[in-house]
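Before any comments, here is the structure.
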Amino acid sequence: MNLELLKFPIGSFHFPEDFCSSHLERWKRTIAEFPDLLKKAVGDLSPDELNWHYRPEGWSVKQVVHHLADSHMNALIRIKLALTEESPVIRPYEEGLWAELYDGLNNDISASLKIIEGVHARWTQVLENLSESDWNRMYFHPQHQRLFTIKEGLGIYQWHCEHHLAHIRQALQYKGEFSL
């Protein structure tokens, strides 16, 4: 079993060299539609299924859902900071440690699904009202030691949505059991 493929089932994110407005439209659509896609994937899972892991040493399905709420709240805040400040330094967080906190280990994912629904609704409103120059506004990510444009950030989070949906589907496909 290829551990790298289990870790990155859709590959890693690369900003397209041939970037055009159709990329933005597709990425915005993913942000708008993601809460429904996620609910369809996890809405009827049992506690056992929520505890299946997507790879050895990886997170459980419930941890992925809670992580998505945490991560996407931060993503919206980063965009809003970039829109209201000049190249702000954003605050990274220890996502692996957050996933181990009580709320990240809770079998009740309903609050995280509500957060994702609300954050994505707000995020979509912001994205649909950006000017052409807004897409090039930037924030500095100290963990990566570089600036990111809002459009690049959107591409990363569009990938993030698909990446973690693939993780959830993988956990369900393998029923959380991997023989190496």
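Would you check if there is a residue in the stretch 169-178 being touching a Phe, Trp or Tyr at 6+ places or on another chain (Cβ under 7 Å), surrounded by fewer than 16 Cβ atoms within 10 Å (Cβ to Cβ), of a type outside the set (S, T, Y) and part of a loop (DSSP other than H, G, I, E, B)? Within the stretch 169-178, one or more residues are touching a Phe, Trp or Tyr at 6+ places or on another chain (Cβ under 7 Å), surrounded by fewer than 16 Cβ atoms within 10 Å (Cβ to Cβ), of a type outside the set (S, T, Y) and part of a loop (DSSP other than H, G, I, E, B). Scanning the stretch 127-151 for residues that are buried (at least 16 other Cβ atoms within 10 Å of the Cβ) and in a helix (DSSP H, G or I) yields a count of 5.
Scanning the stretch 1-31 for residues that are free of Cβ contacts under 8 Å to residues at least 40 places away in the same chain, charged (D, E, K, R) and part of a helix (DSSP H, G or I) turns up E4, E25, R29. Of the residues I90, I150, the single one that is more than 22 Å from S21 (Cβ to Cβ) and of a type in the set (V, I, T) is I90. Residues that are at pLDDT 95 or above, closer than 27 Å to W59 by Cα and either among the β-branched types (V, I, T) or assigned to a loop (DSSP other than H, G, I, E, B) (or both) are absent from the stretch 157-167. Can you say whether R169 is in contact with a helix residue (DSSP H, G or I) (Cβ under 8 Å, 6 or more places away or on another chain), basic (K, R) and more than 15 Å from A32 (Cα to Cα), as far as the supplied structure shows? Considered against the rule, which asks whether it is in contact with a helix residue (DSSP H, G or I) (Cβ under 8 Å, 6 or more places away or on another chain), basic (K, R) and more than 15 Å from A32 (Cα to Cα), R169 comes out as yes. When the stretch 59-95 is filtered for residues that are touching a residue at least 60 places away in the same chain (Cβ under 8 Å), in a loop (DSSP other than H, G, I, E, B) and surrounded by 18 or more Cβ atoms within 10 Å (Cβ to Cβ), only W59 remains. Is it fair to say R122 is within 21 Å of R91 (Cβ to Cβ), surrounded by fewer than 16 Cβ atoms within 10 Å (Cβ to Cβ), among the basic types (K, R) and out of contact with any His (no Cβ under 6 Å at 6 or more places or on another chain)? Yes, satisfied. Could you grab me the full set of residues in the stretch 98-126 that are assigned to a helix (DSSP H, G or I), within 11 Å of V65 (Cα to Cα) and of a type in the set (V, I, T)? Across the stretch 98-126, the qualifying residues are I115, I116. Of the residues examined, F34 is one that is in contact (Cβ under 8 Å) with a residue 60 or more places away in the chain, closer than 16 Å to V119 by Cβ, surrounded by 14 or more Cβ atoms within 10 Å (Cβ to Cβ) and aromatic (F, W, Y).
The values are calculated or read from the model by the stated rules, or taken from the named source; none is laboratory data. None of these values were measured; they are calculated from a predicted model. Virtual Cβ from ideal backbone geometry, glycine too; neighbours counted across all protein chains shown.
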